[in-house]
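A.B. asks: Sharing a structure here in structure tokens format.
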Amino acid sequence: MASTARLPTSCSLATIGSRRAAMAAIGCAPPSGSRSHRGSAGLSVCRCSSTAGAQGGRKMEDYNTAMKRMMRNPYEYHHDLGMSPPIITPQDKDIEYWGIDFLAILNRCKEVGIKHIRRPAVDFDPDSLRSQLPKAVSALEWAISQCKGRVYVHCTAGLGRAPAVAIAYMFWFEDMDLNTAYKKLTSIRPCGPNKRAIRAATYDLAKNNPSKEPFETLPEDAFEGIADWERKLIQNRVRALRET
């Protein structure tokens with residue numbers, strides 16, 4: 001049986017004393033009595049309070065069981081390690097399930113000048129991820145090109161939807177093939193985003209014509225690489241989604 005890794009929900013860790021605490025680079029107001037930290041990008045970062053009680057523990061167990069079954073990887077989400085604010089991809093039901101004060105996050109973002117962007121996708125649903133990736137990558141590409149700063153991409157656990165968005169961006173805009181982008185990200189942030197959903201979204205953008213062969217009939221490595229003209233077409237179509 002595969003070993004289970006207890007991973008923080010962010011790649012960005014800060015050492016406080018002898019502990020490594022997961023830090024959220026999102027201007028959330030620190031809870032009473034918590035330590036705050038000024039990040040290198042000038043953002044207020046805080047250690048968020050841990051989930052309390054058996055109900056929170058039960059939710060994590062249920063989520064991890066579902067994630068390992070649906071995503072077929074050994075990684076787990078541990079809400080109690082400190083990450084509360086999900087950015088970019090969670091649905092309303094995810095926010096409600098984890099008891100997140102979303103309005104407080106939005107208000108704090110406004111206070112510190114952070115632009116908050118949501119592009120929801122259904123958790124553990126490759127078809128939803130496939131359909132929503134272009135819009136999410138469009139938002140990410142806009143933020144990187146216009147804001148000239150660090151962009152924090154997150155979902156619920158930071159193991160599926162969020163890394164898929166980052167990988168798709170590197171694939172489509174950083175002149176990498178899919179496997180190179182996938183290995184680059186997962187070597188830094190161990191996770192198991194759905195590669196097939198990224199390939200399918202690439203297919204949708206690059207081969208959008210009525211007579212195209214169905215994606216489901218293509219080889220398993222189809223659209224792991226793209227021609228220069230396909231990359232340019234994908235980039236133009238993704239950028240065109242900024243206003244949608």
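Residue by residue, here is whether (1) outside any loop (DSSP other than H, G, I, E, B); (2) more than 26 Å from residue 213 (Cα to Cα); (3) in contact (Cβ under 8 Å) with a residue 40 or more places away in the chain holds:
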| site | (1), (2), (3) |
| --- | --- |
| 131 | yes, no, yes |
| 141 | yes, yes, yes |
| 150 | no, yes, yes |
| 165 | yes, no, yes |
| 176 | no, no, no |
| 190 | no, yes, yes |
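A.B. asks: Listed residues 145, 138; which is over 17 Å from residue 92 (Cα atoms) and in contact with a Lys or Arg (Cβ under 6 Å, 6 or more places away or on another chain)?
C.D. replies: Within the list 145, 138, the selection yields 138.
A.B. asks: Out of all the residues in region 189-238, which are under 21 Å from the mean Cα position of the chain (by Cα) and over 20 Å from residue 128 (Cα atoms)?
C.D. replies: 189, 190, 235
A.B. asks: Next question. Could you check residue 175 against (1) surrounded by fewer than 23 Cβ atoms within 10 Å (Cβ to Cβ); (2) under 11 Å from the mean Cα position of the chain (by Cα) and say which number it fails?
C.D. replies: Just one mismatch for residue 175, condition (2).
A.B. asks: Which residues, counting only those in region 89-126, are under 24 Å from residue 174 (Cα atoms) and in a helix (DSSP H, G or I)?
C.D. replies: Step one: filter region 89-126 for residues under 24 Å from residue 174 (Cα atoms), giving 89, 115-121, 126.
The one that is under 24 Å from residue 174 (Cα atoms) and in a helix (DSSP H, G or I): 126.
A.B. asks: Given the options 201, 157, 136, name the one that is outside any helix (DSSP H, G or I), under 27 Å from residue 115 (Cα atoms) and touching a helix residue (DSSP H, G or I) at 6+ places or on another chain (Cβ under 9 Å).
C.D. replies: Selected residue: 157, the only one of 201, 157, 136 that is outside any helix (DSSP H, G or I), under 27 Å from residue 115 (Cα atoms) and touching a helix residue (DSSP H, G or I) at 6+ places or on another chain (Cβ under 9 Å).
Residues are listed down the side, and each one gets a yes or a no for (1) in contact with a strand residue (DSSP E or B) (Cβ under 9 Å, 6 or more places away or on another chain); (2) surrounded by fewer than 16 Cβ atoms within 10 Å (Cβ to Cβ); (3) more than 23 Å from residue 125 (Cα to Cα):
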site	(1), (2), (3)
185	no, no, no
188	no, yes, yes
192	yes, no, no
216	no, yes, no
236	no, yes, yes
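A.B. asks: If the Cβ limit is 7 Å and pairs must be 6+ apart or interchain, which residue in region 214-236 that is of a type in the set (Asp, Glu) pairs with which residue that is surrounded by fewer than 17 Cβ atoms within 10 Å (Cβ to Cβ)?
C.D. replies: Between residues of region 214-236 that are of a type in the set (Asp, Glu) and residues that are surrounded by fewer than 17 Cβ atoms within 10 Å (Cβ to Cβ), the close pairs are 224/177; 224/179.
Since every read-out is calculated from the coordinates, none of them should be taken as a lab result. Since this is a predicted model, take the numbers as computed values, not measurements. Using ideal geometry, Cβ is built from the backbone for each residue, glycine included, and neighbour counts are taken over all protein chains shown.
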